Structures are given as structure tokens and as C-alpha cells.
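The values are calculated or read from the model by the stated rules, or taken from the named source; none is laboratory data. Here the structure is a predicted model, which means the values were calculated and not measured. Please note: Cβ atoms are built from the backbone with ideal geometry, for glycine as well, and neighbour counts cover all protein chains shown.
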Amino acid sequence: MSNTKALSSITQKVIMSLMGIFLIMFLLVHLGINLFLLPLTENHREIFLASAEFMSTFPPMKIMEIGLFGGFIIHILYGVIVQLQNWKSRGSKSYAVASKTKATLASKTMIYSGILVFMFLAMHIYQFYFVKLGLNTGPMLEGTHHPDFYKMAIDLFTNDAIFSTIYILSFVVLYLHLSHAFQSAFQTLGWNHPKYTPIVKALGEIYAIVVPLGFISIPIYYMIWG
Amino acid sequence: MIKFDSKIPEGKLKDKWNNYKAHQGLVNPSNKRKLDIIVVGTGLAGGAAAASFGELGFNVKNFCISDSPRRAHSIAAQGGINAAKNYPGDGDSIYRLFYDTIKGGDYRSREGNVYRLAEVSNDIIDQCVAQGVPFARDYSGYLDNRSFGGAQVSRTFYARGQTGQQLLLGAYGALSKEIEKGTVTSYNRMEMLDLVLIDGKARGIITRDLKTGKVERHSAHAVVIATGGYGNVFFLSTNAMTSNGGAIIRSWRRGALMANPAFVQIHPTCIPVHGDFQSKLTLMSESLRNDGRIWVPKNIEDAVAIKEGKKKPTDLSEEERDYYLERRYPAFGNLVPRDVASRAAKERCDAGFGIGTGLAVYLDFKSAIARLGEDVIRARYGNLFQMYEKIVDENPYHTPMMIYPAIHYSMGGTWVDYELQSTIPGLFVGGEANFSDHGANRLGASALMQGLSDGYFVLPYTVQNYLAEEIRVPRFSTDLPEFEQAEKDVQARIDQLMNIKGSKSPDYFHKKLGKIMWENVGMARTADGLAHAKTEIAKIREEFYKNLLVVGTAESFNPELEKALRVADFIDMGELMAFDAAHRDESCGGHFREEFQTPEGEALRNDKDYMYVGTWEYKGEGVEPELHKEDLQYEEIEVKTRNYK
Amino acid sequence: MDLKLKIWRQENAQAKGEFKTYNVAGVSSDSSFLEMLDVLNESIVDKVETPVCFDHDCREGICGMCSLYINGRPHGPDDAITTCQLHMRKFKDGDTITIEPWRASPFPVIKDLVVDRTALDSIIQSGGYTSAKTGGVPDANATLIDKYSSDLAMDAASCIGCGACVAACKNASAMLFVAAKVSQFALLPQGQVEKTKRVQDMVARMDELGFGNCTNTYACEMECPKEISVTNIARMNREFLSSKVCSEQ
């Protein structure tokens, strides 16, 4: 009957939430760079490419990159482990009547939203990161061996409606994931306070809406005006 | 002829308990491990005793009828627990608590026991705080107190309206600690069905595992019973569904005397019965009577109109209302003691002035709300009002509550001496299950005090004193013929009930018995009514053994069989209560005989002839029990008449 | 009221179990849910069949014995209430009511709607107390406790151990139950001495017994008949982390 756990249930959750918070911060940086795909300034293309260059060549970023992949793997791994344990705890017999408890959709579907986001991530890595590694082909910047991520992105957004739709839907799913994740991470770390928790929850909600919306704005711009 | 001795230690009242402890027998640590104690019950008395025995180092077997020790019905006590701490500095003392308890019990309890109860009351509060019981505190961080009925001081400690729950969880924590250590073995979903005697001493019990139906034997050097009261004889009461006096009734059949069985307490403020399928009654805290005013319509036509739904209580003007407690008892008004308030409600309803189903009176907060505002009332009683609304579906802020008295607590129980030992050596009885401390009426907030006093601070000493003589007695094998015979008896009893195969369920008989008990052995009793009850109970017994139907099998989880076994006990107990009530030609505390009242309708005690504990010896099924008397002597207290006018 | 009941029947722990449908007529809307089941059982006994087994005891909402998963919610469709305090006026004439036992691996079915909740006792046994022995303790007023902390401790301590939190949780997690006890002692000076060991032992026991992980859906808080707050879970997480990170034990 018992779950054999290498780490205690709370430790597992703490690891997941720490990794989650790390990923949340990374996402903000990623959005900051991506937004330069939009014609925000005269030289937005140059800024975008310079940022991409910086991210892939600056040595400390290499270390960060490893950390980032590690973060993703651990977060996903524990997400799956925790879920498998939870199913086992619930038992073989499920309720005949689905739960009428008013828990949020986001909180009840984290594993599913997580899996969908992971699938998007896999596609994203294949399409972009693999080009950098030379495992996939793509346009190169003139006279260099560096991939032209700017051109790749704009091409996809303007010409590939299916890609754009998947991209947009994935970020809607990410919204769902984030809307629970942010305050949940704080709760798991023990940060629940009558004064500050409402602020955390509001920040979480704003973040969960603004960040996916920022990403979505790019394909929408190119689908309409591209 | 059974001989019994209350064994009150020599010396002055205030020195008795210290003298006892100074001279009692002790058991050394290495011998304690070799001695087994069975504790039946896990409430305040049983849980606290089992935990304390475990701490001392005895080998304890603790039996629980529910799935967990934490469910014991002590949990339902709302108001609080008394102690003579005198933290408010309002003149309280051990002597005053002792005096109030004796007086509240209408001078029918034993001085020595009650004084000890008052003496250890302070230790209980210390103990519970050390366990982390979150008693109410004021802003200074010190413990808070409130007042309760029958006292002029504030000596009641409380944890919101859940004092019983918090104290029980404290004892449950202590018990859990011992279970983890292995000194206590916990047996849950087990019911004690018989007591095993070897050479006249209590040496074990026979249980039925409620999950599997298996009948089992358990041996020990001493047996402690703390299974609560027998209020469920009445079917409808504030007791929990599984609360039953079974363990003490079965011990009675094995030779332990039963004392004052007719003394049961009727609580005046319960939510009235709503229909035939009602299973139990819900208590509303006594504290409501601080601000609520009790009334019925002055004119019988209005009562009828309200019953028929043609009028609402709020339609009646002040002149059309009869605040009968204020009218009859101007000095105490709505705050008269429980027994007095209950009888007054019954009198009005019997005269046809009851509302609702005819068996209810109003408890009205209109004038309190007008005087203090709804917010103040909400702060004081909000949770109780909410509970009332959930059950009755009426908003008590706008329309008066309906209330009616209900059976609540049994002051009577197994006769025990100063050591809480029954007439069977080695059988100790604690808490509500014994008779010792409350006389003919219990004061509010004293039940919790007595349960914990017995469990933490009395039984660990007195049982040890008994076991000090038992250190050379080896562990008992359950293969002994006495165990075999007792198990056979229990099995025969089960088979007998299973094989009647009649047509009526145990509940049918239980309801029938309850009705007769409530009508004849309830709030107001008469010689004729009691004679009638005896006849009717005999008829119920006859029908029960002819026409009972227990569905299912004995070798499985079978609540119907559990009920049947309990109803068989309740029939005997009900009959015994009728005998006790009929023999006591006086009115005192919860026992009110209509023949014995003053011209104003107040209880008329007869100290000359009845200042004794009436104890009863079992003589066989359906055979008249034999009465024995323990005379009560009051040395420190002057016996007076209670007056609330 | 006339009602149609779909009730889980299971002979014993090993049996497979199935839903059975019963009709019950003439139920008073003023009766409680359990009294409605009493009426049903009475009619079943009249037909010389085995009545439906369900746990119940005090019937006033405090002992925590009653359970039942009614139409998709532990303790049924009313808030902040146990099944015994749920009244039939919350249903309509002609309703179909589905009644299931608590479902969770650590709560095996004993019979019909009765489940074994001794796992919760085991968690308390692992450390849900102060180890104060009977007698020899200081005066109750020797330690001052501020009213705010004391009230919070009381909020946490009001848990009745019914297991609705586990039944409601999609992960069958007992975190709210454990957190309520850990919090009670974390908030009180009496609980400080053993705080490190207590939280570690209780969490370890909870995991061992096969309860799930908390994913913060807060379904437990929504279904708790005593409205115990999930802030207690955060407090336990804090206690646990500091016990692991800061303590030498």
C-alpha cells in the first residue's frame, strides 16, 4: 500500500517549486528577447540577434543553459513522479460521480497542462535549438555559422498558420499552468501570510496573463500584418 | 448479602486524599511491566487512565467501540470544565467548588469523593495546558474563565464551544504517545460483551470485534471500565448513537452493584423532536439562557393557532406571552438549574401551551437583540445560532428558537468506593459510568472535570494500590475454564438473538422502550406510572425474545446485531431504573416524583428516610433486584433545601 | 420527499462491490441525511435483507465518525458541515442521490460505506502530541500565550479527523489533517520543544502510509467541515523546511 519515496513528499514538492520559480524567471528573460521580433524600434532585428548571440556565446550563459535544462528535467521528472504516486494513493477505484468540489480547473489539470507545454517545448527545441547544435537545418546568418533565429521565427509566423496556431494554443495552456503554478510554489515553500499572500496571488495572476500574452502577440502581429 | 465499604480514608476531609497517597501500596518499575490492565473506553476517563497507566509502565490493553479513540462522546461537551484555580480572584476555593458540587447534587453524593474531585481539579487544568490544549485566553495571555450554572464565581475554563473536544484530543494525544511506545495496545471497533471473574476477582473481558464478528478473550490483572452513561435507554437523548451502558450493565449481571440508576439529568435546552424518524437530540449550550427568555403563549388559542401555522410567534404581543420561568422564579428567572427549567417546560406543554409539535417552548432573543444589538448576540452565540439554523431552517435572530428538554447525562452508575473500585475486586469504574460525584444532579462543566480527575489523578493511584498485592500473580492464560465459560455465555447470547428470527428490528423495541421510559421514568414520575413502566418493560422483554429479527450473520460486520445486544441490556437497565425511581419516595435533583412536591410545585426532599445511595444487586433476568443502602454522612456541610424563588 | 438512492454495496474488504439502487419514499425534509438512511435501512430490514452499513456516532457534527461521498462531494452539498448535520431540505423531491465511500488507498473499505481510517490515528501516534506526562507540570498560567496565536492554534485544533480532506483531494493527500496538528503545536510554546522531530516524524509516517502529495488544489479546505485553512499546510511546509535546513537533527 505504501509509497516508497526516496525523498519525502514535501521535499519533492519543494524541489518542484524551486525549479518552477527558476523557470518562471527564465521565461521572463526569454519574453524580453522575443519581443524584439516585433518592430518595436528601428533596430529591433539587431537587438534580437545580438541578444541571441550573447545568450549562446557568453560563457556564464553556458552554465546557465545547463542549469536551465537541469531545471526543466528535474521539474518534469518530479512532476511525473509525484503524479504517479498520487494516482497510486487515490487507489484503483475512482469515484463514480466526478468531484463537484470547486477547485480551479488549472489546479486540477497541472499534469495535463504540463504535458502539453512539454510537447510544445520538445517541438520548440527541435525547431530552434537543434539548428544551433547542427542537428537540424535552418537559415544561417550571412558569413557565420550562427543560425538566423530572427528569420526562422518570422518565416514560421508569417507562412505557417498551423505552427502559429499551435504556438498560440500552447501559450494558452501555459497560462493555465502558470495561473496555478505561481502561488502554488509560494504555498509549497511555506509562504502563506495574511498580508502578503493576496499580493503573491495577484502577481501570479498578472504574470500568468501578461507573459503568455506577450508571446502570443508576436504570431498574431505577423499573421495579421506580416 | 453483599458487603460493601466506601473505604473513605481517615482524617480531616482536606487530608484524606494526601493520607491515602502517602500510605498506598506501590509497584516497582520492573514489576509494572508484568502486570496487565484492561481499560474499556477511550473518553476523558478511559483515555486519560490508559495513557497514565502506560506512562507508569503497566502493560495496558485499551478497548474502543469506534474506529478511533478520538471519537469518544466526551468530544461533544461544549461549555467548559470547572476548576478551583481562583484566577479571577473572585473568592473561589477548593472548598467552595466542593460545596457547590454537593449542593448542586441535592445532597446525594459522598463528601470524600467530591472533595478529592475539587482538590485535583486544578491539576487537570495544568495538565491540559501542558498537553497544548488551546484554552481561551484574554489579551494579557492569561487563561480566561466564564460563569456557569449553580455557582457564584467564574471557574469554568473553555475552548470556544468545543471544550470537550479539545480535552479529549489532549488525552488522545497522550494515549497515542503510549501506543507508539508500545505500553498501550489499542483495540478499536471492539465492544465488551462480558466480564470474566476468576476466584471472585475481575480478570478479563470477552469482546466482539465489530468488523469481523469474532468473539475474543482478553485477560488482565485488573479491569477498568469507563464507557460512559446509559442515557440511550431512552432511545432519544443527546448521547451518541453507540453510547451504551453495556459494559456496566454486563458487570452488574456479574455482581457489581449499580447505584442510583434513577438519577438521570434532563437538559432543558435541546432542539425539539421533529418526527418519528428522529434518531437523536441536539443540545444547545446552557449559556444561551443568559440572554434568551423562555416563553409560551398565554392563551391556549394562540398556541393552537401557532401549531396550525395560522399565527407566527412574532405576531404575539408582549401581553400575549407567558414568560413562565420569570413568573414562577422571579429571583433566578431564566437561569434556574437544569432540572427546574426542564420540569417547568414540561408542565406548560402538558397543559396544552406547547408550540411546534406541542412539545416545545420558545427561547427568544428579541429583547437581548434590542438591548445589545444583533452583533453582540452574534459574537456570543454565533456558532450555536448557525447550528440551529442548519438543523431547523429558521433564523433565530428573527424568530424565537424552539427548545425542549432531553435526556443528557446519567448521574447513576456502577457503585464504587473511594478507590473507584466496584464491589467486584479488581473492577474499577471511572467517569460517567460510575455514580460517585454528582449525587442526584450534575452541575454544568463538571462532567469533564470528573472524567479527567478519575482518569489522570485517581485511577493511576488506586489501581496501583490494588496491583501492589498482585505482583506475584502471573499473567492469566485465556484458556482458563472461566474464560471458556464466559465466551460460551456470550456466544449463546448472540446465538439466542440471531435465532429468534421474528419480525421486528432492534430499533423497534428500542423506540418502544424509550417511549415508555420517557413517559414514566423521565422528567416527572409517579408511583402508578412507574408500576405501569415495570409492567410494560416486562412485556417488551417478552416480545423482544419472541419476535426479534436480526438480519445478517453474527460472523460479520453487523450493526443490527450490535443494536440487538444493546437493546437487551437497555431493557434490563430500564427496568432497574424504574425500580430505583419507585422505591425512592422523595424528589431530589433529576429525580422528581409528583407525589413529593411543595404546594408551589417544587421538589420535596426527604433526608430523614432517603439520604443514602440506593444500590442494586442483580438477581436474574426479570427478577426483582435487591436493594442495599450506603448511608451518606455530611460532616463538613450543613444540609439545606435548594431555593430559587 | 421521494428519492432514488444509488448506494455502493460491498460485502467486505475483499469483495468487488457494486452500486445498488433503492427507492425511498416519504422522507421528511426536516430529517438529517443519516436519518434518511435510517428510514431506508428500516425498509431494507423489513424485507429481511442486510441494511446499508455506514459510520456515524455523535450525530451533532463533532466526533468525525460520519463520512460519505454524496453526489460528488464529501459530506454532501452543504458547506462547512458533516453528513450528520446535512438536512434533506438541501435536496429536491425526486432527486437521485449517489452515495459512495471515501476513496483512497490508505482508507480501505471495510463494508459498504464504512472505510478504515486508522491511518490517521497512526499519523497522530508518530508525533501529534506533546510528550508531557501526567503530573509534574507547571501551573497553567506560568507561560503566557498571546491571544492571537492561541486562537490560531484553536482554529487548527478544531480538526475532527473525519478524513474529508483526503476524500476530496484528487491525490488522496492527508496534508491538511497533518498540518492542522503540526500547526496547533507550532503556534504554541508547549509545542516548541519537540517541533523538529514532530514534523519530520509525522510527514514520514504520512508518506509511509501511502497518502499522496499536496498539489495545492485546496479542495481539502473547501470540503473541510471545520473550515480548517490551507495556511496550516504552508505553516507545516515552513516547519518542515526549517527542520531540515536549520536543525542539526
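Among the listed residues C:Ile62, C:Ile44, C:Ile70, C:Ile7, which satisfies the condition of being closer than 26 Å to A:Thr101 by Cα, aliphatic (A, V, I, L, M) and surrounded by fewer than 22 Cβ atoms within 10 Å (Cβ to Cβ)? So that I can check it myself, show each step before the final result.
Numbers: C:Ile62 fails: surrounded by fewer than 22 Cβ atoms within 10 Å (Cβ to Cβ); C:Ile44 fails: closer than 26 Å to A:Thr101 by Cα; C:Ile70 fails: surrounded by fewer than 22 Cβ atoms within 10 Å (Cβ to Cβ).
Being closer than 26 Å to A:Thr101 by Cα, aliphatic (A, V, I, L, M) and surrounded by fewer than 22 Cβ atoms within 10 Å (Cβ to Cβ) holds for just one of C:Ile62, C:Ile44, C:Ile70, C:Ile7, which is C:Ile7.
Regarding B:Pro134, is this residue within 14 Å of chain C (Cβ to nearest Cβ), more than 30 Å from B:Arg217 (Cα to Cα) and surrounded by 21 or more Cβ atoms within 10 Å (Cβ to Cβ)?
Working: within 14 Å of chain C (Cβ to nearest Cβ): yes; more than 30 Å from B:Arg217 (Cα to Cα): yes; surrounded by 21 or more Cβ atoms within 10 Å (Cβ to Cβ): yes.
The answer is yes for B:Pro134.
In region C:121-145, what count of residues is obtained for those that are at the interface with another protein chain (Cβ under 7 Å from one of its Cβ atoms) and under 17 Å from the mean Cα position of the chain (by Cα)?
So the count comes out to 4.
Checking the conditions here, which among B:Arg380, B:Arg321, B:Arg327 is of a type in the set (D, E, K, R), surrounded by 18 or more Cβ atoms within 10 Å (Cβ to Cβ) and either modelled with pLDDT of 90 or more or over 24 Å from C:Asp30 (Cα atoms) (or both)?
Details: B:Arg380 fails: surrounded by 18 or more Cβ atoms within 10 Å (Cβ to Cβ); B:Arg327 fails: surrounded by 18 or more Cβ atoms within 10 Å (Cβ to Cβ).
So the residue among B:Arg380, B:Arg321, B:Arg327 that is of a type in the set (D, E, K, R), surrounded by 18 or more Cβ atoms within 10 Å (Cβ to Cβ) and either modelled with pLDDT of 90 or more or over 24 Å from C:Asp30 (Cα atoms) (or both) is B:Arg321.
Surrounded by fewer than 22 Cβ atoms within 10 Å (Cβ to Cβ) and of a type in the set (D, E, K, R): which single residue out of C:Glu239, C:Glu223, C:Glu208 fits that description?
On the way: C:Glu239 fails: surrounded by fewer than 22 Cβ atoms within 10 Å (Cβ to Cβ); C:Glu223 fails: surrounded by fewer than 22 Cβ atoms within 10 Å (Cβ to Cβ).
The conditions single out C:Glu208.
Exactly one condition in (1) within 12 Å of chain C (Cβ to nearest Cβ); (2) among the β-branched types (Val, Ile, Thr); (3) within 18 Å of the chain's Cα centre (by Cα) is false for A:Ile125; which is it?
Among (1) within 12 Å of chain C (Cβ to nearest Cβ); (2) among the β-branched types (Val, Ile, Thr); (3) within 18 Å of the chain's Cα centre (by Cα), A:Ile125 violates only (1).
For region B:232-244, check the following and say yes or no: at least one residue is closer than 30 Å to B:Arg96 by Cβ, away from chain C (no Cβ under 14 Å) and either crowded, with 22+ Cβ neighbours inside 10 Å or modelled with pLDDT under 95 (or both).
Filtering region B:232-244 down to residues closer than 30 Å to B:Arg96 by Cβ leaves B:238.
In the following step, the residues that additionally are away from chain C (no Cβ under 14 Å) were identified as none.
No, region B:232-244 has no match at all.
Please state which of the following conditions A:Arg45 fails to meet, knowing it meets all the rest: (1) within 20 Å of A:Phe215 (Cα to Cα); (2) basic (Lys, Arg); (3) out of contact with any helix residue (DSSP H, G or I) (no Cβ under 7 Å at 6 or more places or on another chain).
Only one criterion in (1) within 20 Å of A:Phe215 (Cα to Cα); (2) basic (Lys, Arg); (3) out of contact with any helix residue (DSSP H, G or I) (no Cβ under 7 Å at 6 or more places or on another chain) is unmet by A:Arg45, namely (3).
Yes/no per residue for (1) closer than 21 Å to B:Val120 by Cα; (2) touching a His at 6+ places or on another chain (Cβ under 8 Å); (3) surrounded by fewer than 21 Cβ atoms within 10 Å (Cβ to Cβ):
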position	(1), (2), (3)
C:Gly136	yes, no, yes
C:Asp139	yes, no, yes
C:Lys147	no, no, yes
C:Leu152	no, no, no
C:Ser158	no, no, no
C:Gly163	no, no, no
C:Val166	no, no, no
C:Phe177	no, no, no
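Name the residues in region C:23-48 that are part of a strand (DSSP E or B) and over 27 Å from the mean Cα position of the chain (by Cα), would you?
Start the filter on region C:23-48 by keeping residues that are part of a strand (DSSP E or B), which leaves C:23-24, C:32.
Across region C:23-48, the qualifying residues are C:Asn23, C:Val24.
Hey, can you tell me all the residues within region C:55-83 that are closer than 19 Å to B:Gly164 by Cα, more than 9 Å from every other protein chain (Cβ to nearest Cβ) and either in contact with a helix residue (DSSP H, G or I) (Cβ under 6 Å, 6 or more places away or on another chain) or of a type outside the set (S, T, N, Q) (or both)?
Once the filter is applied, which keeps residues that are closer than 19 Å to B:Gly164 by Cα, more than 9 Å from every other protein chain (Cβ to nearest Cβ) and either in contact with a helix residue (DSSP H, G or I) (Cβ under 6 Å, 6 or more places away or on another chain) or of a type outside the set (S, T, N, Q) (or both), region C:55-83 yields only C:Cys66.
B:Asn260: outside the structural domain of B:Glu555 (by TED's automatic domain parsing), modelled with pLDDT of 95 or more, crowded, with 24+ Cβ neighbours inside 10 Å and closer than 17 Å to C:Asp57 by Cβ, yes or no?
Values: outside the structural domain of B:Glu555 (by TED's automatic domain parsing): yes; modelled with pLDDT of 95 or more: yes; crowded, with 24+ Cβ neighbours inside 10 Å: yes; closer than 17 Å to C:Asp57 by Cβ: no.
So B:Asn260 fails the test.
Could you tell me how many of the residues in region A:125-146 are assigned to a helix (DSSP H, G or I) and exposed (fewer than 13 other Cβ atoms within 10 Å of the Cβ)? Give the steps one after another, and end with the answer.
Residues of region A:125-146 assigned to a helix (DSSP H, G or I): A:125-133.
From the residues that got through so far, the ones that are exposed (fewer than 13 other Cβ atoms within 10 Å of the Cβ) too are A:126, A:133.
The number of residues fulfilling the criteria is 2.
Can you tell me how many residues in region A:39-67 are surrounded by 15 or more Cβ atoms within 10 Å (Cβ to Cβ) and under 23 Å from A:Ser170 (Cα atoms)?
The total comes to 2.
Please name all residue pairs, on different chains or six or more residues apart, with Cβ atoms under 9 Å, provided the first residue is in region B:6-24 and is surrounded by 13 or more Cβ atoms within 10 Å (Cβ to Cβ) and among the β-branched types (Val, Ile, Thr) and the second residue is modelled with pLDDT of 95 or more and outside any loop (DSSP other than H, G, I, E, B).
B:Ile8/B:Lys16; B:Ile8/B:Glu111; B:Ile8/B:Gly112; B:Ile8/B:Asn113
Is it true that B:Ile37 is β-branched (Val, Ile, Thr), in contact (Cβ under 8 Å) with a residue 12 or more places away in the chain and surrounded by fewer than 24 Cβ atoms within 10 Å (Cβ to Cβ)?
no
Of C:Gln190, C:Gln184, which residue is at the interface with another protein chain (Cβ under 8 Å from one of its Cβ atoms), buried (at least 24 other Cβ atoms within 10 Å of the Cβ) and in contact with a helix residue (DSSP H, G or I) (Cβ under 9 Å, 6 or more places away or on another chain)?
After ruling out the rest, the residue left standing is C:Gln184.
Which members of region B:51-74 meet the condition of being charged (D, E, K, R) and in a helix (DSSP H, G or I)? Spell out how you get there, then give the answer.
First, the residues of region B:51-74 that are charged (D, E, K, R): B:55, B:61, B:67, B:70-71.
Hits for region B:51-74 are B:Glu55, B:Arg70, B:Arg71.
When you look at A:Ala106, is it modelled with pLDDT under 95 and crowded, with 16+ Cβ neighbours inside 10 Å, yes or no?
On the way: modelled with pLDDT under 95: no; crowded, with 16+ Cβ neighbours inside 10 Å: yes.
Considered against the rule, which asks whether it is modelled with pLDDT under 95 and crowded, with 16+ Cβ neighbours inside 10 Å, A:Ala106 comes out as no.
Across region B:478-501, what is the number of residues that are in a helix (DSSP H, G or I) and either among the acidic types (Asp, Glu) or within 23 Å of B:Ile38 (Cβ to Cβ) (or both)?
15
If the requirement is being facing another protein chain (nearest Cβ under 10 Å) and at pLDDT below 95, which of these qualifies: C:Ser105, C:Ser31?
Numbers: C:Ser105 fails: at pLDDT below 95.
After applying the criteria, what remains is C:Ser31.
In region C:116-134, which residues are charged (D, E, K, R), surrounded by fewer than 23 Cβ atoms within 10 Å (Cβ to Cβ) and either touching a Pro at 6+ places or on another chain (Cβ under 8 Å) or farther than 24 Å from B:Tyr456 by Cα (or both)? Spell out the reasoning first.
Filtering region C:116-134 for residues charged (D, E, K, R) gives C:116-117, C:121, C:133.
Still in the running and surrounded by fewer than 23 Cβ atoms within 10 Å (Cβ to Cβ): C:116, C:121, C:133.
Listed by number, the residues that qualify are C:Asp116, C:Asp121.
Quick check on region B:331-372: of everything there that is among the β-branched types (Val, Ile, Thr) and in a helix (DSSP H, G or I), which residue is farthest from the chain's Cα centre (by Cα)? So that I can check it myself, show each step before the final result.
Of the residues in region B:331-372, the ones among the β-branched types (Val, Ile, Thr) are B:336, B:340, B:355, B:357, B:361, B:369.
Add one more test, that the residue is in a helix (DSSP H, G or I), and what stays is B:340, B:369.
Numbers: B:Val340: 19, B:Ile369: 34 Å.
Top of the filtered list is B:Ile369.
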